[in-house]
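Enquirer: Once you've had a glance at the structure underneath, I'll fire off some questions.
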Amino acid sequence: GLELSHCVGSNSLGPAVPWRSGGPCKMKRVRTVFKPEQLERLEQEFLKQQYMVGTERVDLAATLHLTETQVKVWFQNRRIKWRKQSMEQKAAKLSQFGVIQPATADSTDIKDHEEDTVDVEL
């Protein structure tokens with residue numbers, strides 16, 4: 001389920017802001033911490049396929065004792081990391097050959113093709 005920390009903002013500079021529930025204060029979701037065994041399995045699956053959907057995602061989530069949303073978000077974030085690494089490797093190869101490259105793609109370019117990096121369950 002969704003784990004929420006206590007109210008955020010009550011002692012901060014700004015006013016407390018309701019978060020989704022219309023409550024009196026902003027609630028912040030506690031970040032998921034994956035176990036090493038879960039990460040190893042997720043990475044293995046990512047090497048096989050970069051997109052995990054449908055029953056495969058449901059089965060993997062059940063096997064790893066995670067929610068389907070946690071698996072989905074992990075794959076989204078991992079694809080963004082993979083694209084960033086690919087761009088950096090390409091830039092490094094081009095620089096080895098003295099090729100001048102245009103300004104590197106900003107992370108917002110990646111997000112145009114991918115949902116935002118998130119760590120929130122809906």
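The values are calculated or read from the model by the stated rules, or taken from the named source; none is laboratory data. From a predicted model like this one, the values you see are computed outputs, not experimental measurements. These area figures cover heavy atoms from the full protein model, side chains too; ligands, DNA and RNA do not enter into them. Shrake-Rupley method; radii C 1.70, N 1.55, O 1.52, S 1.80 Å.
Enquirer: Mind checking which lysines have their Cα closer than 30 Å to the Cα of K26? Skip sequence neighbours fewer than 8 apart in that chain.
Expert: Once the sequence-local lysines are set aside, what remains near K26 is K35, K72, K81, K111.
Enquirer: Could I ask something else about it? I'd like to check one number: the per residue accessible area of region 36-95, probe 1.4 Å, reported in Å² as a whole number.
Expert: 64 Å²
Enquirer: Something else now. From the Cα gyration tensor of region 36-95, with a ≥ b ≥ c the square roots of its eigenvalues, which class applies: rounded if a/c is under 1.5, or else prolate if a/b is larger than b/c, or else oblate?
Expert: Note, shape of region 36-95 comes out prolate.
Enquirer: Another question, if that's okay. Just how much of K93 is accessible, in Å², when a 1.4 Å probe is used and the result is rounded to the nearest 10?
Expert: Ignoring ligands and nucleic acids, K93 comes out at about 130 Å².
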